[in-house]
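Read through the structure below, which is laid out as structure tokens, and then see the notes.
The values are calculated or read from the model by the stated rules, or taken from the named source; none is laboratory data. Values in this document were obtained by computation on a predicted structure and should not be read as measured data. Every residue, glycine among them, receives a Cβ derived from its backbone with ideal geometry; neighbour counts consider all protein chains shown.
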Amino acid sequence: MKLKNILVGATALVAVGAAAANAGSITVVSWGGSYTKSQVEAYHKPWIAATGNQIVSEDYNGGLAEVKAQVEADNVTWDLVDVELSDAIRGCDEGLLEELDLSMLPDGADGSAAEDDFLEGALSDCAVANIVWSTIFAYDSSKTPGVDSIDDLFDLEAFPGKRGLRKGAKSVLEMALMADGVPASEVYAVLETDEGVDRAFAKLDTIKDSVVWWESGAQPPQLLADGEVVMTTAYNGRIFNAAVAENKPFEVVWDGQIMDFDLWVVPAGAPNKELAMEFIAYSTDTQRLADQASWISYGPARKSSGPLVGLYSDGVTEMGQHMPTAAANLTNAIVSDFEFWADNADELNERFNAWLAK
């Protein structure tokens, strides 16, 4: 797994009185690119300035493999990891993650208790959510106009050319079923059956020879920009940043989007657990979550943060319409079933890898 070490704010770190005298350091692992940049701007830099602590930032491509390897080797070097919800649940069940002291979480800006302020499903024994994000698909409107449905992602006749898909079962199987006519509300009920899994892979067979598989969230915008694909699945915030910050002619198709949480977790045996928990409490307060939404189009995990979300960091673009949770974007959307993936990820990824190797 390729990692990139960055000492966040190393050249700008300023002593802040007594806090600096007791300064510590934590290693924070996230997804890189524009997403990590949003965390650096909204969380890392203010925390460094307020406490005098340091943050070593590392990038990864998700999953629990590295966390498991560190825990089992009794050589944990990561203090805090940004994970998907199904991995947070599975990691907690398998003893790979520390249980967190949720009493440290501050109340909402409106005075509501943290457990009431966070969205449903955003808090668990081992995890605290920071964002709501979505897997969507996108296209270059200057080259492939008229795309507006999840069906188009699988329609090589109407829209010839390569497709980009995330290399793994999660989200790919759901989208395949929706493109095959399964209503969004029935996707997981169908996927629970052997026949449903067969149906999803049969749909993927129709485009398999035209797929470019991606693993890092930074890849889909680059695949579009380089003309390697005509459309690709992606994390919605990555396409937003490419379109708004880099002026790329990319369009998000919200039809068939799959929403999910990203959450902070602490690997079992993390060397700086207490400091990591302090950072979680700081980074997930109402204002910090709203601030992150000014850097990337992922929704905050707290209700009280919503009214504080305004303009993108360019000072012009209204962020509300670009959020996965915007009313206009919820048609034919589903929320990723974390229990389904916690229970079935290993089996379905094994089948996916076998299918891919054929």
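If you check every pair at least six apart or on different chains, which have Cβ atoms under 7 Å apart with a residue in segment 140-161 that is within 21 Å of E246 (Cα to Cα) and touching a residue at least 60 places away in the same chain (Cβ under 8 Å) first and a residue that is among the acidic types (D, E) and surrounded by 12 or more Cβ atoms within 10 Å (Cβ to Cβ) second?
Pairs that qualify, where the first residue is within 21 Å of E246 (Cα to Cα) and touching a residue at least 60 places away in the same chain (Cβ under 8 Å) and the partner is among the acidic types (D, E) and surrounded by 12 or more Cβ atoms within 10 Å (Cβ to Cβ), are S141/E251.
Only one of V252, V316 is in a strand (DSSP E or B) and under 28 Å from V147 (Cβ atoms). Can you tell me which?
Unique residue meeting the criteria: V252.
Just checking, which of I258, I280, I296 is buried (at least 20 other Cβ atoms within 10 Å of the Cβ), in a loop (DSSP other than H, G, I, E, B) and of a type in the set (V, I, T)?
Result of the check over I258, I280, I296: I296.
Any residue at all in segment 107-116 that's under 23 Å from P300 (Cβ atoms), in contact (Cβ under 8 Å) with a residue 12 or more places away in the chain and of a type in the set (S, T, N, Q)?
yes
What pairs come up if the first residue lies in segment 193-211 and is touching a residue at least 24 places away in the same chain (Cβ under 8 Å), the second is surrounded by fewer than 19 Cβ atoms within 10 Å (Cβ to Cβ) and assigned to a helix (DSSP H, G or I), and their beta carbons are under 6 Å apart, counting only those six or more places apart or on different chains?
Within 6 Å, the pairs are F201/W355.
For segment 52-79, how many residues meet the condition of being over 29 Å from D314 (Cβ atoms) and in contact (Cβ under 8 Å) with a residue 60 or more places away in the chain?
Residues flagged as over 29 Å from D314 (Cβ atoms) and in contact (Cβ under 8 Å) with a residue 60 or more places away in the chain within segment 52-79 amount to 11.
Inside segment 176-202, can you point out the residues that are surrounded by 12 or more Cβ atoms within 10 Å (Cβ to Cβ) and not in a helix (DSSP H, G or I)?
D180, V182, P183, E192
Can you report the number of residues in segment 344-358 which are among the basic types (K, R) and within 24 Å of the chain's Cα centre (by Cα)?
Looking only at that region, the number is 1.
For segment 109-146, give me each residue that is assigned to a loop (DSSP other than H, G, I, E, B) and under 18 Å from L80 (Cβ atoms).
Scanning segment 109-146 gives A122, D125, C126.
As an exercise: evaluate T325 against (1) under 28 Å from L96 (Cβ atoms); (2) in contact (Cβ under 8 Å) with a residue 60 or more places away in the chain and give the number of the one condition it does not meet.
Going through the list (1) under 28 Å from L96 (Cβ atoms); (2) in contact (Cβ under 8 Å) with a residue 60 or more places away in the chain, T325 breaks only (1).
Name the residues in segment 299-333 that are within 18 Å of A138 (Cβ to Cβ), buried (at least 20 other Cβ atoms within 10 Å of the Cβ) and of a type in the set (A, V, I, L, M, F, W, C), would you?
Once the filter is applied, which keeps residues that are within 18 Å of A138 (Cβ to Cβ), buried (at least 20 other Cβ atoms within 10 Å of the Cβ) and of a type in the set (A, V, I, L, M, F, W, C), segment 299-333 yields M319, M323.
Out of segment 52-98, which residues are out of contact with any Asp or Glu (no Cβ under 8 Å at 6 or more places or on another chain) and β-branched (V, I, T)?
I55, V56, V67, V71, V76, T77, V81
Counting just the residues of segment 41-64 that are part of a helix (DSSP H, G or I) and out of contact with any Lys or Arg (no Cβ under 9 Å at 6 or more places or on another chain), which one comes out surrounded by the fewest Cβ atoms within 10 Å (Cβ to Cβ)?
Of everything passing the filter in segment 41-64, A50 is surrounded by the fewest Cβ atoms within 10 Å (Cβ to Cβ).
Which pairs have Cβ atoms under 6 Å, sit 6 or more apart or on different chains, and link a residue in segment 302-315 that is in the same structural domain as V128 (by TED's automatic domain parsing) to one that is of a type in the set (F, W, Y) and in a loop (DSSP other than H, G, I, E, B)?
Qualifying pairs under 6 Å: S313/W295.
Which residue out of D82, D59, D74 is among the acidic types (D, E) and more than 15 Å from D262 (Cα to Cα)?
That would be D74, the only listed residue that is among the acidic types (D, E) and more than 15 Å from D262 (Cα to Cα).
For the structure I just gave you, tell me whether V67 is in the same structural domain as G32 (by TED's automatic domain parsing), closer than 26 Å to R302 by Cα, crowded, with 21+ Cβ neighbours inside 10 Å and among the hydrophobic types (A, V, I, L, M, F, W, C).
Here the answer is no, as V67 does not meet what is asked.
Count, please, the residues in segment 197-221 that happen to be over 26 Å from the mean Cα position of the chain (by Cα) and small (G, A, S).
1
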